[in-house]
Amino acid sequence: LTAQRLTAAYVQPKGGAIQPTLGGGNDPHWRVNLSAKYDIGDFGVFIQERYIGPQFVDATKVEGVFVDENTVKPVFYSDLTLTYNFESMGAKSQLYLTVNNLTNQNPPLDVGAPSSFSQPGNRTTYDFIGRYYSLGIRFKY
C-alpha cells in the first residue's frame with residue numbers, strides 16, 4: 001500500500017501574490033496504490049488498484065460563488081498481470097499478460113478555462129487511453 005497526501009501546493013504568477021492550489025489542477029489531496037502479488041508454482045497473479053481522490057477544477061474559485069461546478073470526482077483504476085515462469089535455451093524466462101485499466105474506467109471531466117487547446121480532462125493525472133493490453137516475454141541469461 002502506497003498513499004500520498006498533499007498538504008500544501010501554491011503558484012505565484014510573475015509579479016503577483018501567492019495563490020493556494022491544493023486540490024486543484026494536478027494536485028488532488030490523495031493518491032493511493034494498493035497492490036498484491038500471489039505466486040503458485042510457475043504461475044503468478046499481480047493486481048493493483050489505483051485511487052485518485054477528488055479535486056477542484058480551480059482551487060482559487062469557490063463553488064457556488066465564482067463557478068457552478070468546481071469539483072472533479074474521484075476515480076479508481078484496476079490493473080492485472082498474469083505471469084508464467086519457464087526455462088528455455090538455458091535462460092530463466094517469464095511470459096506475461098498485463099491489462100491496465102481492467103474495467104475501462106473513463107477519466108472524470110475536468111474542464112478548466114476554455115482555450116483553443118482545451119481537453120475535457122487532465123491528461124497528466126488520469127488515464128485517457130482506457131483499457132490496454134501488454135503481452136511479452138522477459139528472460140535472464
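Reported count of residues in the stretch 70-104, each being open to solvent by 40 Å² or more (accessible area, probe 1.4 Å) and touching an Asp or Glu at 6+ places or on another chain (Cβ under 7 Å), is 6. The stretch 11-100 holds strands (runs of 3 or more DSSP E) entirely within its bounds, and those carrying 3 or more residues that are at pLDDT 80 or above, hydrophobic (A, V, I, L, M, F, W, C) and within 30 Å of Tyr141 (Cβ to Cβ) map to 43-52, 75-88, 91-100.
The values are calculated or read from the model by the stated rules, or taken from the named source; none is laboratory data. The structure displayed is predicted, hence computed values, not measured ones. All Cβ positions, even for glycine, are placed from backbone atoms using ideal geometry, and neighbour counts span all protein chains on display. The protein model used for the area step is the full one, side chains on, heavy atoms only, and it has no ligands, DNA or RNA in it. Shrake-Rupley method; radii C 1.70, N 1.55, O 1.52, S 1.80 Å.
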